[in-house]
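Worksheet: one structure, shown below.
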Amino acid sequence: MKKKAISNKKKEFLLFIERLLAVVLAVSVTFIFMNSFFHISTSYGTTYHYMVSPLDQEQSFEEKEIFQALLSGNMQQITRFVVIRHQMETNGVYDENKIVDITQFANRETGTIDNQPTAKYYLDDLITWGNYGFTYKTVVGTWEELNAMFAKPKAIIPESGMFETKEYDATYAVQEYIGNIEDNAEVLGLEATDDDKYVMEILVDRYKNVDGKDLMQSASNVEEYLNLKKNLEESAKSLFSNYTEYVAMQEQYSMDNTNIGYCFQVPSEKGLQYYTNTELQLKGKSADDITALVKEQGGKFIYFNPDKVQINTNTNITAKEMRSMLKEHEYTFGDDTRVWVWVDINYPVNDSLQMVKNELDQFRPYFITLLGCALSAFIICALILLYLSYKEGRKIDENGNLKYIILKQERIPLEIWTLVAVAVEVAIVYYGWQMLKGYRNGTVSYSMLPVIIGLMVFVMNEVGIRYYFSLLRRVKAKSVWKTTLVYKILKETTNVIRNTIQNGSLLSRTWIPYLIFLMINLILVLLGVGGVIGAFLLDLLVGAYLYRESKQRDEIVEGIETIKNGDSKYRIDTTPLKGANLRMAESVNSIGLGIRNAVESSMKDEKLKTDLITNVSHDIKTPLTSIITYVDLLKRENISDQRVRGYIDILDSKSQRLKQLIDDLVEASKISSGNINIQLDTINFAELVKQAIGEFSEKFEENNLQIVTKMSETEMLIEADSGQLWRVMENLFQNISKYAMHGTRVYIEMEEEGEGLDKKNIFSAKNISAKYLEVEAEDLTERFIRGDQSRQTEGSGLGLSIAKNLIEAQGGEFEVQVDGDLFKVIIKFDVVEK
């Protein structure tokens, strides 16, 4: 029983179910993703993103990687917070009058402050200065004039910013920079004017330093001033930025807002400083006592000694990680630094740890359900697609046979279909990615993301499945290449070129394509290496085309030769042929068909003629037999009348001749129709010829014919039917005795010719004809053709025809040659080795 093709209604119903299941799968995965991803925003504007593996549902919160990640991230922020507190506080309290060395602070990370001028400011002044920004005044002057502002006594800066032309006491400056003024100005970043002066920005002092001086009074030359100005700007900006973080992190890491406690022991000029957010009395206690007190809190804890790179913890944080956190701030954490961090795992405070833990606890019961929905939807979708893939493109025709088809939509070229499908899929994926990023950034809500993802998957599935089935139908129908745009373009181009070449004039079929080919090659070669490669490939294609055309013409010539050699049933396959080759092949096939029809008609006529002869001969033979019998009876009567006896002799002679003629006709018809029995055997050709000569020796003597033989004494073995071959010899010698000129010689020769497989035994008989031969040699072997056109001699004209047919039926060759009155018969047989 043949399998039925799927109906369109059933197919569309299954596809609709598959789309819905794809949406269920996508929404389930989206919910799992959303409940596995967390973004934590800090009070100072930083957002951190964390991912939880959905497979870690059986682990406790503290065993999960997200806990370690949250703890590590918070520790990094606490470390930075402690560094900022160290800058801002004295004895754990913000100190606005804390003195800041701007050179030391600006170079705190590099530590390169040797032999550099400096100035000290109050902390609050620098923070305020960084908040409100800096004001500058531009001064233009020569190198000596600019340095004179810092010499003793100092030059006064004009209100206009331009120095007047007069002498300044700039001895120190001139001596200091003599010989390298231009180099120093360029290094310091001073802009030069056209009149060999330089432009310098002077900072307008908002605050004095702790000594009550402005910044210019702390420098002795331009270079020192510019370095101090740079350090002041950097220190003020950095302290203001740090102060902003300080205020935010003070709130975030107070014990009222975090479940994480910390204590940092940091060395300073005033001894060990303790920075903590706990009310525990830790100051003055030993490291072991503090560690024991931290452990008593009953949660997760970390104690780290950076001096020995030792860690004591019940978390997965390593000493290497702790060392990396502190290394960023080595300018703060010197020798005797100690770190304690602990977590209250009861999570009494609403912070990031509590939020993530609560969401994980809430999601855990739904995880298995969502995962089951996703897996079930995936399996059913896969089964539906496998079933539809198997059924797609199948059709049962009216005879119940299965075939694969393509639909109307496959008229759209595959490249265009692919481009549209890929563009739609990429656009949807890109939009989906943006939605996921939006969810991570908090711009897409928790409830909207699954709806958006579901709609996108529905559209993606619709486009993707349609494209997949279109491609599948093309593959099953083996029409992928034929439905491409490239194929259609090449086909149309090829048709145009072929029609131009094959159907146009000689000029359009030869010179125009050749000139176009040369022009394309020239253009490609001028394009460079790539063009040369393209020209080479084009030449290969043209060469392949010419080779194919030549090969097709050779096949046509071979077909002509086959038909010429007698195989009129041979047909040239015209399927791959086009244009002139196709027309030529069709003409050859038509000629072959015509020859075949002519041969069949001729054979039919020949058969009808043979049947007519056979039937007529049979009908004549019956009364002729009676005539011969009664003539024979009359001859036995004692008839004395000589005239009557003469009549009887004439009747006897003519009836016998008629009987022989009828026998020859019947025999000739049998041979021509193939209705003759040939029994091949190995015989001695020479011996058979000698016997035939002996048999006809009396007839030859009666006609005064002298037989001259030239034969080898060795055996001349051939494969033939001895009876039929004897009949041929009998016919030949009868012809010689009848038609040879009396008193002449008859030459009979036998010899071997050739070598190897081409070696033959050859018999020949030559005589002088008594009558002039008015016919060609080839015609003498045709039926009813006689050399005696006057037909004055007896004979049917069938002897040589019968002889030729009998020889050829035995695999030999029979040939008649005529040269004037010289008549010659040649018979050839392949030599049979002993």
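The values are calculated or read from the model by the stated rules, or taken from the named source; none is laboratory data. Please read these numbers as outputs of a predicted model, since none were measured by experiment. Don't worry about glycine lacking a Cβ; one is built from the backbone with ideal geometry, like all the others, and counts go over all protein chains shown. In case anyone asks, the SASA skips ligands and DNA or RNA and just uses the protein heavy atoms, side chains included. Shrake-Rupley method; radii C 1.70, N 1.55, O 1.52, S 1.80 Å.
Some values worked out for this structure:
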| item | result |
| --- | --- |
| Meets criteria (touching a Lys or Arg at 6+ places or on another chain (Cβ under 9 Å), over 30 Å from TYR545 (Cβ atoms) and surrounded by 14 or more Cβ atoms within 10 Å (Cβ to Cβ)) for ILE595 | no |
| Odd one out for VAL420 among (1) in a loop (DSSP other than H, G, I, E, B); (2) surrounded by fewer than 16 Cβ atoms within 10 Å (Cβ to Cβ) | (1) |
| Pair list, Cβ < 6 Å and 6+ apart or interchain, from region 412-427 residues that are over 11 Å from VAL463 (Cβ atoms) to residues that are in a helix (DSSP H, G or I) | PRO413/LEU485; LEU414/THR483; GLU415/LEU485 |
| The listed residue being open to solvent by 80 Å² or more (accessible area, probe 1.4 Å), under 23 Å from ASP721 (Cα atoms) and modelled with pLDDT under 80, out of ASN638, ASN677 | ASN677 |
| Selected residue (only one of GLU715, GLU698 is open to solvent by 80 Å² or more (accessible area, probe 1.4 Å), more than 60 Å from the chain's Cα centre (by Cα) and touching a residue at least 24 places away in the same chain (Cβ under 8 Å)) | GLU715 |
| Pair list, Cβ under 7 Å, 6 or more apart: region 546-561 residue assigned to a helix (DSSP H, G or I), other residue open to solvent by less than 100 Å² (accessible area, probe 1.4 Å) and β-branched (Val, Ile, Thr) | GLU555/ILE572; ILE556/ILE572; ILE556/VAL588; GLY559/ILE572; GLY559/VAL588; ILE560/VAL588 |
| Criterion (surrounded by fewer than 13 Cβ atoms within 10 Å (Cβ to Cβ) and hydroxyl-bearing (Ser, Thr, Tyr)) met by exactly one of THR369, THR315 | THR369 |
| Residue match in region 114-124 (condition: modelled with pLDDT under 90 and within 30 Å of ALA319 (Cα to Cα)) | no |
| Check on ILE345, in contact with a helix residue (DSSP H, G or I) (Cβ under 7 Å, 6 or more places away or on another chain), free of Cβ contacts under 8 Å to residues at least 12 places away in the same chain and open to solvent by 40 Å² or more (accessible area, probe 1.4 Å) | no |
| Extreme residue, most open to solvent (accessible area, probe 1.4 Å), among residues of region 258-303 that are in contact with a Cys (Cβ under 9 Å, 6 or more places away or on another chain) and in a loop (DSSP other than H, G, I, E, B) | LEU280 |
| Criterion (open to solvent by 40 Å² or more (accessible area, probe 1.4 Å) and in contact (Cβ under 8 Å) with a residue 60 or more places away in the chain) met by exactly one of VAL222, VAL210 | VAL210 |
| Sole residue being modelled with pLDDT of 90 or more and in a helix (DSSP H, G or I), chosen from LEU455, LEU507 | LEU455 |
| Scope region 383-398; condition in a helix (DSSP H, G or I) and open to solvent by less than 40 Å² (accessible area, probe 1.4 Å); matching residues | ILE384, LEU388, SER389, LYS391 |
| THR110 being over 24 Å from VAL341 (Cβ atoms), at pLDDT below 90, open to solvent by 10 Å² or more (accessible area, probe 1.4 Å) and out of contact with any strand residue (DSSP E or B) (no Cβ under 9 Å at 6 or more places or on another chain) | yes |
| Of all residues in region 787-819 being farther than 19 Å from ARG727 by Cβ and at pLDDT below 80, the one that is most open to solvent (accessible area, probe 1.4 Å) | GLN792 |
| Set VAL356, VAL429: member being at negative phi, at pLDDT 85 or above and either among the charged types (D, E, K, R) or assigned to a helix (DSSP H, G or I) (or both) | VAL429 |
| Where GLN724 falls short, out of the listed (1) crowded, with 19+ Cβ neighbours inside 10 Å; (2) part of a helix (DSSP H, G or I); (3) at pLDDT 85 or above | (3) |
| Boolean, LYS476 is over 23 Å from THR30 (Cβ atoms), at pLDDT 85 or above and touching a strand residue (DSSP E or B) at 6+ places or on another chain (Cβ under 6 Å) | yes |
| The lone exception for ARG745 - which of (1) at pLDDT below 90; (2) farther than 27 Å from GLN679 by Cβ; (3) surrounded by fewer than 16 Cβ atoms within 10 Å (Cβ to Cβ) it fails | (1) |
| Test: residue in region 399-411 that is open to solvent by less than 80 Å² (accessible area, probe 1.4 Å), of a type in the set (Lys, Arg) and part of a helix (DSSP H, G or I) | no |
| Residues of region 441-459 classified as open to solvent by 50 Å² or more (accessible area, probe 1.4 Å) and among the aliphatic types (A, V, I, L, M), total | 4 |
| Residue within region 746-753 that is touching a residue at least 12 places away in the same chain (Cβ under 8 Å) and part of a helix (DSSP H, G or I) present | no |
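Condition check ((1) within 31 Å of the chain's Cα centre (by Cα); (2) surrounded by 15 or more Cβ atoms within 10 Å (Cβ to Cβ); (3) hydrophobic (A, V, I, L, M, F, W, C)) across all residues:
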| residue | (1), (2), (3) |
| --- | --- |
| VAL525 | yes, no, yes |
| GLY528 | yes, no, no |
| ALA535 | yes, yes, yes |
| TYR547 | yes, no, no |
| LYS551 | yes, no, no |
| SER568 | no, yes, no |
| LEU582 | no, yes, yes |
| SER590 | no, no, no |
